[in-house]
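What follows is calculated from the coordinates using simple rules that are stated; it is not laboratory data. Since the structure is predicted, the reported quantities are computational estimates derived from the model, not experimental observations. For neighbour counting, all protein chains shown are included, and Cβ atoms are generated from backbone atoms with ideal geometry for every residue, glycine included.
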Amino acid sequence: MESRRGPLKSAVPSNVVSPVRRCSRTACGRPAVATLTYVYADSTAVLGPLATYAEPHCYDLCSEHSERLTAPRGWEVVRLAVDTGPPRPSGDDLEALANAVREAARPHERAPGGSSGPGSSGREGDPREVSRRGHLRVLRSPDS
């Protein structure tokens, strides 16, 4: 894009944009480790772990600014535990992944005529299946 003064330049060159979220404080370029949210109805500032997505009314803070955070007089600061280690998958995540891999590796058996049985509309009848929503299925736990 051109203007009368010459080509317009971005404040940050596109090849330098980092996927790491930065501290919201002015002139601070450190990586964000916590998210600050205000609850105006309760006069409370909540400082917790870095949110999964950047929200418009939340502020990402680096470790230094999150430690030095103070609230206005009459306000309360609630500090939730901030996990500084890398995020790890939970046991439920790993179990769901293992079940999906097993399901994909299992051969699909079909009855003669191309269907799996009466009223199945071509889908395999799984006694563990509790419900279905689109392409997702809810299965009973193997323990039950």
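Summing charges over all other residues whose Cβ lies under 12 Å from the Cβ of LEU61, with Lys and Arg as +1 and Asp and Glu as -1, gives +3. Close amide H pairs (under 5 Å, H built 1.01 Å from N) link GLU129 with ARG140, residues at least 5 positions away or on another chain.
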